[in-house]
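The values are calculated or read from the model by the stated rules, or taken from the named source; none is laboratory data. As the structure is a prediction and not an experimental result, all values here were calculated from the model. Every residue, glycine as well, gets a Cβ built from its backbone with ideal geometry; the counts of neighbours run over all protein chains shown.
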Amino acid sequence: MSIGHKLLIAIPVGLLLTGLSAFALDKADRAFPPPLETAGIVSREVLDADGQLLRAFATPDGLWRLKTTVDDVDPQFLRMLVAYEDQRFREHAGIDILALGRAALQFVSNGRIVSGASTLSMQVARLIEPREQRSVTAKLLQIARAIQIERRLSKDQILDLYLSHAPYGGNLEGVRAASLAWFGKEPKRLSVGEAALLVALPQLPEKRRPDRNQAAAETARQRVLTRMAVADVIGEGEAGRAAMTAIPTRRLQLPAYAAHLAELALRKQPTAVKHQTTLRRSVQRGLEAVARDGAAKLGPRVSVAMIMADARTGEIIGEVGSADYFDASRSGWIDMTRINRSPGSTLKPFIYGLAFEEGLVSQETIIEDRPADFFGYRPRNFDMSYQGDVSVRQALQLSLNVPAIRLLDVVGPARLMVRFRRADVKPVLPAGEAPGLAIGLGGVGMTLRDLVQLYAGLANRGFPVRLGDGITGTTGLIDGEPLLSPVSAWHVSDVLSAVLPPAGSRQRGIAYKTGTSYGYRDAWSVGYDGRYVLGVWVGRPDNGAVPGLTGYGSAAPILFEGFAKSGLPITPLPDAPAGAVRISQTELPISQRRFSMTASGLVNASAREPAPQIVFPPEGARVELGAGLETMSPLTLKLQGGRAPFRWLANGKPLPDPTRRRTTQWQPDGAGYSTLTVIDAIGRAASVRVFIE
């Protein structure tokens with residue numbers, strides 16, 4: 001630019017503008033408005049539940065430009081910025097006449113430009129409408145644009161545009177993107193030294209880039225600190241201490257968590273700039289690190305998926321779709337939380353829960369683990385061995401296959417599927433097939449999300465919870481019948497909480513279950529405490545076999561590490577509800593000491609009498625007994641059929657004495673759902689579920 005041009009720019013432009021008629025100015029202003037709409041193009045952001053950045057996406061032209069407002073940055077930074085760039089920013093209307101006059105006099109006196117006269121409004125005009133060449137015409141247009149911008153926006157809105165568009169080297173634009181890239185923190189938490197560097201960089205962003213020209217960056221920062229001390233924006237001692245802090249030597253990656261969920265959020269709301277999720281960044285960061293490290297230990301092509309949810313609200317607080325989104329060898333782009341796979345043995349707790357609820361067994365009931373033939377279906381244990389007589393508690397903890405199928409044969413696969421539907425989970429069966437005994441060992445398709453939703457019901461005392469999708473959607477308790485009664489859910493949790501942790505893991509006070517699908521294709525582990533449930537899937541996305549892959553050896557260590565790295569405190573499991581007690585084997589009624597029932601209802605003998613049937617109260621009845629009164633009335637129980645003597649159980653707890661009468665009475669502990677079961681002399685049982693009011 002020639003000296004004549006520079007002198008021309010320095011002429012007090014205010015005199016020229018004063019000569020224009022207000023009508024002409026308004027007409028020109030309306031005809032040629034500033035490009036404020038295009039200035040609103042910023043990076044799209046995915047946020048966690050607290051508004052922290054999970055992931056950002058570059059603008060269409062490849063810039064990291066995060067929308068930033070005056071509320072997003074440290075007030076000290078704003079004071080330093082205004083004091084350094086535009087001291088009279090709050091007083092002028094876009095151009096600073098005094099600064100222009102001072103710049104002109106300094107130029108005439110020194111023969112060179114000593115100080116600039118661009119206001120923050122003029123800089124915003126240049127940033128939102130950049131021009132490659134510097135000329136008198138470009139400067140005059142910048143001045144006119146600054147006046148237009150001042151007429152349309154408040155001072156804070158103008159600052160917002162500067163904070164979002166100021167250049168910071170490379171493809172970084174805006175204070176927030178720069179603070180995250182250079183310091184790894186939000187601009188709300190800037191130190192004095194960091195704020196001074198971010199004030200200095202936009203003047204010459206490429207020449208002062210800290211990762212390439214550290215000396216230039218340090219010199220520019222010192223200039224800002226000196227000016228701030230002279231202007232009493234900061235104290236001299238504070239400026240000295242800030243000057244001693246290190247300059248960053250490398251550019252950091254912006255937060256990049258929850259890749260699969262972030263893409264889902266963009267697909268759901270393609271025009272939104274900010275996408276709120278229910279995730280917690282600290283939890284998400286911990287789970288992703290665990291998944292990445294776990295997959296690396298398990299070998300190539302193996303991926304890991306994880307979901308952590310709040311069992312009380314149904315909100316997803318952590319979700320990992322794969323071990324590494326960008327790892328093509330592990331098909332990282334596939335979100336394995338939503339793919340149907342065989343769940344292995346992870347459904348067994350619900351079989352046992354039904355058996356507890358029906359009063360068929362207690363934890364210490366003896367059940368056989370021996371070869372068995374169920375009309376041609378011959379289940380075998382994972383290790384091909386058998387334990388003989390074991391307690392129900394041991395059978396579930398050891399995940400023995402034959403005992404689980406014995407119980408499923410009695411409670412019925414169809415009834416198990418009904419319970420899943422109560423939790424709004426619909427397992428996928430082979431086309432045209434009805435539910436069979438094989439579903440107890442994983443012969444059904446289910447997603448990790450489905451499993452976590454089922455186990456959330458266990459963690460929530462048997463009441464089913466609908467999980468969200470991490471973004472939007474209905475969450476919370478599912479109306480209707482419970483997944484399992486609170487008593488049976490407690491029994492299941494009591495058994496699973498005593499399963500030994502995998503080798504090398506510390507006991508964490510959680511209940512958990514593992515599973516391995518046929519052919520070593522899927523390894524699962526799902527665990528929960530009194531508040532949170534975490535599910536883990538390990539395997540190959542292409543459904544290939546992984547020799548040696550097991551739920552206990554491969555997925556369970558990741559589960560325990562996930563709970564540890566989530567940063568969440570362990571919430572104790574719920575206390576036992578009324579009627580939930582662990583009864584020793586010798587104290588069990590004779591009919592519950594050994595389980596040998598088949599689907600026909602017979603125990604080692606045929607019976608001429610019909611099976612027992614409870615005729616009052618009927619299934620699903622609501623019985624008013626004065627639950628709100630000081631003394632509740634007893635409930636009369638009636639049955640037909642069966643062979644005396646009869647043993648009654650309420651919520652899994654035996655009533656005091658067997659009886660030969662077909663009518664008896666029961667005193668409830670309180671209002672709510674209760675399960676009543678009667679067992680006759682040869683072990684046949686019947687149950688009803690009622691609501692006491």
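Which members of the stretch 461-482 meet the condition of being in a loop (DSSP other than H, G, I, E, B) and in contact with a Phe, Trp or Tyr (Cβ under 9 Å, 6 or more places away or on another chain)?
As a first pass, look at the stretch 461-482 and keep what is in a loop (DSSP other than H, G, I, E, B): 461-464, 467-475, 478-482.
Across the stretch 461-482, the qualifying residues are 461, 462, 478, 481, 482.
Only residues that are buried (at least 16 other Cβ atoms within 10 Å of the Cβ) and either within 17 Å of the chain's Cα centre (by Cα) or not basic (Lys, Arg) (or both): list them for the stretch 60-69, please.
63, 64, 66, 68
Would you be able to say whether some residue in the stretch 128-136 is of a type outside the set (Val, Ile, Thr), surrounded by 21 or more Cβ atoms within 10 Å (Cβ to Cβ) and in contact (Cβ under 8 Å) with a residue 24 or more places away in the chain?
So far as the stretch 128-136 goes, no, none of its residues is of a type outside the set (Val, Ile, Thr), surrounded by 21 or more Cβ atoms within 10 Å (Cβ to Cβ) and in contact (Cβ under 8 Å) with a residue 24 or more places away in the chain.
Out of 125, 166, I need the residue that is aliphatic (A, V, I, L, M), crowded, with 19+ Cβ neighbours inside 10 Å, modelled with pLDDT of 90 or more and touching a strand residue (DSSP E or B) at 6+ places or on another chain (Cβ under 9 Å). Which one?
166
Scanning the stretch 296-325 for residues that are without any contact (Cβ under 8 Å) to a residue 60 or more places away in the chain, surrounded by fewer than 24 Cβ atoms within 10 Å (Cβ to Cβ) and touching a helix residue (DSSP H, G or I) at 6+ places or on another chain (Cβ under 8 Å), which turns out nearest to residue 261 (Cα to Cα)?
Looking at residues that are without any contact (Cβ under 8 Å) to a residue 60 or more places away in the chain, surrounded by fewer than 24 Cβ atoms within 10 Å (Cβ to Cβ) and touching a helix residue (DSSP H, G or I) at 6+ places or on another chain (Cβ under 8 Å), I get 324.
Counting just the residues of the stretch 302-325 that are in contact with a Phe, Trp or Tyr (Cβ under 8 Å, 6 or more places away or on another chain) and hydrophobic (A, V, I, L, M, F, W, C), which one comes out nearest to residue 471 (Cα to Cα)?
Among them, the one singled out is 317.
Select from the stretch 203-254 the residues that are closer than 18 Å to residue 191 by Cβ, touching a residue at least 40 places away in the same chain (Cβ under 8 Å) and more than 43 Å from the chain's Cα centre (by Cα) and list them in ascending order.
Of everything in the stretch 203-254, those that are closer than 18 Å to residue 191 by Cβ, touching a residue at least 40 places away in the same chain (Cβ under 8 Å) and more than 43 Å from the chain's Cα centre (by Cα) turn out to be 227, 228.
Regarding residue 362, is this residue assigned to a loop (DSSP other than H, G, I, E, B), assigned by TED's automatic domain parsing to the domain that holds residue 471 and out of contact with any strand residue (DSSP E or B) (no Cβ under 8 Å at 6 or more places or on another chain)?
yes
So which of 194, 263, 218, 206 ends up being closer than 29 Å to residue 37 by Cα and in the same structural domain as residue 127 (by TED's automatic domain parsing)?
Exactly one of 194, 263, 218, 206 is closer than 29 Å to residue 37 by Cα and in the same structural domain as residue 127 (by TED's automatic domain parsing), namely 206.
Go through (1) exposed (fewer than 13 other Cβ atoms within 10 Å of the Cβ); (2) at pLDDT below 85 one by one and return the number of the condition residue 575 breaks.
Against the list (1) exposed (fewer than 13 other Cβ atoms within 10 Å of the Cβ); (2) at pLDDT below 85, residue 575 comes up short only on (2).
Restricting attention to the stretch 419-460, report how many residues are surrounded by 23 or more Cβ atoms within 10 Å (Cβ to Cβ) and part of a strand (DSSP E or B).
Final tally of qualifying residues: 1.
Pick from 221, 227, 209: which is over 23 Å from residue 127 (Cα atoms) and of a type in the set (D, E, K, R)?
After applying the criteria, what remains is 227.
For residue 226, all conditions in the list (1) part of a helix (DSSP H, G or I); (2) of a type in the set (S, T, N, Q); (3) closer than 30 Å to residue 475 by Cβ hold save one; what is the number of the exception?
Result: residue 226 fails condition (3) only.
Any idea how many residues of the stretch 183-211 are closer than 29 Å to residue 54 by Cβ, surrounded by fewer than 21 Cβ atoms within 10 Å (Cβ to Cβ) and not small (Gly, Ala, Ser)?
The number of residues fulfilling the criteria is 8.
Before we move on, is residue 322 among the small types (Gly, Ala, Ser), at pLDDT below 95, within 29 Å of residue 429 (Cα to Cα) and part of a loop (DSSP other than H, G, I, E, B)?
Details: among the small types (Gly, Ala, Ser): yes; at pLDDT below 95: no; within 29 Å of residue 429 (Cα to Cα): yes; part of a loop (DSSP other than H, G, I, E, B): yes.
Here the answer is no, as residue 322 does not meet what is asked.
Could you pull out the residue among 536, 526, 487 that is buried (at least 20 other Cβ atoms within 10 Å of the Cβ), among the hydrophobic types (A, V, I, L, M, F, W, C) and part of a helix (DSSP H, G or I)?
487
Exactly one condition in (1) over 21 Å from residue 199 (Cα atoms); (2) modelled with pLDDT under 90; (3) surrounded by 19 or more Cβ atoms within 10 Å (Cβ to Cβ) is false for residue 45; which is it?
(2)
Please specify each residue of the stretch 578-592 satisfying the condition of being modelled with pLDDT under 85 and either outside any helix (DSSP H, G or I) or on the phi > 0 side of the Ramachandran plot (or both). Let's see the steps before the verdict.
In the first step, residues of the stretch 578-592 are kept if they are modelled with pLDDT under 85; the result is 578-579, 589-591.
Within the stretch 578-592, 578, 579, 589 meet the criteria.
Could you tell me which numbered condition residue 55 fails, if it satisfies all but one of (1) among the charged types (D, E, K, R); (2) buried (at least 20 other Cβ atoms within 10 Å of the Cβ); (3) under 25 Å from residue 129 (Cβ atoms); (4) touching a residue at least 40 places away in the same chain (Cβ under 8 Å)?
(3)
Just one of (1) surrounded by 23 or more Cβ atoms within 10 Å (Cβ to Cβ); (2) part of a helix (DSSP H, G or I); (3) of a type in the set (Gly, Ala, Ser) trips up residue 414, so point out which.
Failing condition for residue 414: (1).
Any chance you could count how many residues in the stretch 269-291 are in contact with a strand residue (DSSP E or B) (Cβ under 8 Å, 6 or more places away or on another chain) and either surrounded by 16 or more Cβ atoms within 10 Å (Cβ to Cβ) or not in a loop (DSSP other than H, G, I, E, B) (or both)? Outline the logic, then answer.
First pass over the stretch 269-291, keeping only residues in contact with a strand residue (DSSP E or B) (Cβ under 8 Å, 6 or more places away or on another chain): 269, 272-281, 283-284, 286-288, 290-291.
From what's left, either surrounded by 16 or more Cβ atoms within 10 Å (Cβ to Cβ) or not in a loop (DSSP other than H, G, I, E, B) (or both): 274-281, 283-284, 286-288, 290-291.
Residues in the stretch 269-291 being in contact with a strand residue (DSSP E or B) (Cβ under 8 Å, 6 or more places away or on another chain) and either surrounded by 16 or more Cβ atoms within 10 Å (Cβ to Cβ) or not in a loop (DSSP other than H, G, I, E, B) (or both): 15 in total.
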